[in-house]
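Novice: One structure, as structure tokens, below. Some questions next.
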Amino acid sequence: MVNGILFQLSKAGAAEEFFELLGVKYDPKIVNVARLHILRRMGQYLAAEDLTAATDAEVAKRCKAVLERAYADFVTSSPIDQRVFKVLKEAVAPRPKKAPPFVQLDRLK
């Protein structure tokens, strides 16, 4: 559909527009802190959805549900706790221990 919900969402320029288009209530304080994280999480949830045979109304309903779910993740927890971006995941990933440098005894003077 040319004017379908996915088209409208693709034209949204701010997180608040997603909330308004889908009719999801939100606290501006939470969105100001976690807007990119919420949208990223929404994208992760949508990636698991099969919307190919869904009508526009069904797509809108499912998009609303995943946005509500993504938003709820950040109501009770911070972006640092959720770690949806690679850089935040890598910040806490265990780093492999480097072996101490090996120096042959005959090289020591």
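Novice: How large is the accessible surface of R35 in square angstrom, using a 1.4 angstrom probe and rounding to the nearest 10?
Specialist: 70
Novice: Sticking with this one: Rounded to a whole number, what % of the accessible area of the stretch 1-81 do carbon and sulfur atoms account for, probe 1.4 Å?
Specialist: Result for the stretch 1-81: 56 percent of the exposed heavy-atom area is carbon or sulfur.
Novice: Taking 0.36 nm per residue of separation and subtracting the Cα-Cα distance, what length does fully extending K25 through K98 add?
Specialist: Between K25 and K98, full extension yields an extra 21.4 nm.
Novice: Right, something else. For the stretch 2-55, would you read off the P(r) tail past 12 Å as a percentage of all alpha carbon pairs?
Specialist: I get 70 percent for the Cα pairs in the stretch 2-55 exceeding 12 Å.
Novice: Compare R62, R41, R69 by solvent-accessible area with a 1.4 Å probe and give them largest first, with all protein chains kept in place.
Specialist: From most exposed to least exposed: R69, R62, R41.
Novice: A further question on this structure: Between E58 and R107, how many nm apart are label points set 7 Å from Cα along the C-beta direction?
Specialist: If labels sit at E58 and R107, their model points lie 6.6 nm apart.
The values are calculated or read from the model by the stated rules, or taken from the named source; none is laboratory data. Because the structure is predicted, anything quoted here is derived from the model rather than measured. Using ideal geometry, Cβ is built from the backbone for each residue, glycine included, and neighbour counts are taken over all protein chains shown. In case anyone asks, the SASA skips ligands and DNA or RNA and just uses the protein heavy atoms, side chains included. Shrake-Rupley method; radii C 1.70, N 1.55, O 1.52, S 1.80 Å.
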